[in-house]
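Colleague: Okay, here's the structure, questions in a sec.
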Amino acid sequence: AQSVTQLGSHVSVSEGALVLLRCNYSSSVPPYLFWYVQYPNQGLQLLLKYTSAATLVKGINGFEAEFKKSETSFHLTKPSAHMSDAAEYFCAVIYASGGSYIPTFGRGTSLIVHP
Amino acid sequence: EAQVTQNPRYLITVTGKKLTVTCSQNMNHEYMSWYRQDPGLGLRQIYYSMNVEVTDKGDVPEGYKVSRKEKRNFPLILESPSPNQTSLYFCASSLGPPGGVGDGYTFGSGTRLTVV
């Protein structure tokens, strides 16, 4: 069964520090990959997506993610954290086989930013 | 404005009283889905629809029903709600394949349901 794993339910960083949120998928066939962000009391917003073009994907708010097939990973990074980045982040994967094209979400990682 | 609209935002109900959460999108999207979000479990898919009159079960369909009579609407029905259905619910839509799958999902703002 398709799956996506986010390592760490909580990640805590200081303002200005590097942000690294981990996501691994389980498939030998590269899927479509997404990162979503959820701010308190809001729905999910698309942060960035990988659709088999460039392996380094740039998204909104200074975030980027790199697709690494050899590691089956799609980790999210940001060079310098801001207080406004505090939110829940979800990695999602779509496996195009079977024709459903329905995303499976990871369990989420809560990013905490300290002053 | 392109959006997915869910109603209501908050709902408290009693066990066994049928309820419907509405979802509407104005983007002419083919794909629509319902998810529930619970602490520590992330988002779990309840049902999805790939087009009008085409629906299928997700990972946690028990206790829920859906219908897709029109492209824009995808209501979630709880025929006999129970306390374990207390959760935060999200509706989402996407354009669909072949190119649309790369656009990701647009989410509604959520419906917080409490069943007592």
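The values are calculated or read from the model by the stated rules, or taken from the named source; none is laboratory data. The model shown is predicted, which means the values in this text are computed figures rather than measured ones. Glycine also receives a Cβ, built like all others from the backbone with ideal geometry; neighbour counts cover every protein chain displayed. We work out accessible area using only protein heavy atoms, side chains counted, and drop any ligands, DNA or RNA first. Shrake-Rupley method; radii C 1.70, N 1.55, O 1.52, S 1.80 Å.
Colleague: Can you give the local net charge around B:ASP38? Use residues other than it whose beta-carbon is closer than 11 angstrom to its beta-carbon, Lys and Arg +1, Asp and Glu -1.
Modeller: Details: positive: A:ARG107, B:ARG36, B:ARG44; negative: none.
Around B:ASP38, the surrounding residues sum to +3.
Colleague: Just to verify a number: FRET efficiency for B:ASN73 and A:SER3, C-beta to C-beta distance, R0 = 25 Å, to 0.05? Mind showing how you got there, number by number?
Modeller: Numbers: r = 31 Å, r/R0 = 1.24.
Once rounded, the FRET efficiency stands at 0.20.
Colleague: Now for a different question. Could you work out, residue by residue across A:45-51, how many beta carbons of other chains sit within 10 Å of that residue's beta carbon, and then give the average as an integer? List each step's numbers first, then the result.
Modeller: Numbers: counts 3, 5, 1, 1, 4, 1, 5.
Taking all residues of A:45-51 together, the mean is 3.
Colleague: Check cross-link reach from B:LYS57 to the aspartates and glutamates: straight Cα distance under 19 Å, and skip same-chain residues fewer than eight apart.
Modeller: B:GLU30, B:ASP38, B:GLU70, B:GLU79
Colleague: Order the following by accessible area, largest value first: A:LYS58, A:LYS78, B:LYS18, B:LYS65. Probe radius 1.4 Å; ligands, DNA and RNA are ignored.
Modeller: On the way: A:LYS58 145, A:LYS78 15, B:LYS18 120, B:LYS65 95 Å².
Of A:LYS58, A:LYS78, B:LYS18, B:LYS65, the descending order of accessible area is A:LYS58, B:LYS18, B:LYS65, A:LYS78.
Colleague: Quick check on chain A: what does the Kirkwood estimate of hydrodynamic radius come out to from the alpha carbon pairs, in Å? Spell out each step's value before the answer.
Modeller: Working: mean 1/r = 0.0703 Å⁻¹.
Here the Kirkwood hydrodynamic radius works out to 14.2 Å.
Colleague: R0 = 30 Å: FRET efficiency of A:LYS69 with A:SER110, Cβ-based, nearest 0.05?
Modeller: Working: r = 28 Å, r/R0 = 0.93.
FRET efficiency, A:LYS69 to A:SER110: 0.60.
Colleague: Quote to one decimal, in nm, the extra length available between B:THR86 and B:ALA2 on full extension: 0.36 nm per residue of separation minus the C-alpha distance between them. Mind showing how you got there, number by number?
Modeller: Working: separation 84, 0.36 × 84 = 30.24 nm, distance 2.87 nm.
Extra length available between B:THR86 and B:ALA2 comes to 27.4 nm.
Colleague: Sticking with this structure for a sec: Which value, in Å³ per residue, describes the convex hull spanned by the Cα atoms of segment A:55-115?
Modeller: Values: hull volume 6.8 nm³, N = 61.
Normalising the Cα hull of segment A:55-115 by residue number yields 111 Å³.
Colleague: So, one more: Calculate the spin-label point distance for B:VAL116 paired with B:LYS65, positioning each point 7 Å from the Cα along the beta-carbon direction, and give it in nanometres.
Modeller: Here the answer is 2.7 nm between the modelled labels.
Colleague: Given a cut-off of 29 Å, name the pairs among A:LYS49/B:LYS65; A:LYS58/B:LYS71; B:LYS18/B:LYS71; B:LYS18/B:LYS69 whose C-alpha atoms lie farther apart than that in the structure shown. Walk me through the numbers before you get to the answer.
Modeller: Details: A:LYS49/B:LYS65 31 Å; A:LYS58/B:LYS71 32 Å; B:LYS18/B:LYS71 24 Å; B:LYS18/B:LYS69 20 Å.
From A:LYS49/B:LYS65; A:LYS58/B:LYS71; B:LYS18/B:LYS71; B:LYS18/B:LYS69, over 29 Å: A:LYS49/B:LYS65; A:LYS58/B:LYS71.
Colleague: What net charge do the residues around B:PRO81 carry, taking every other residue with its C-beta under 15 Å from that of B:PRO81, with Lys and Arg at +1 and Asp and Glu at -1?
Modeller: On the way: positive: B:LYS17, B:LYS18, B:ARG36, B:LYS65, B:ARG112; negative: B:GLU62, B:GLU79.
Counting the neighbours of B:PRO81, the net charge comes to +3.
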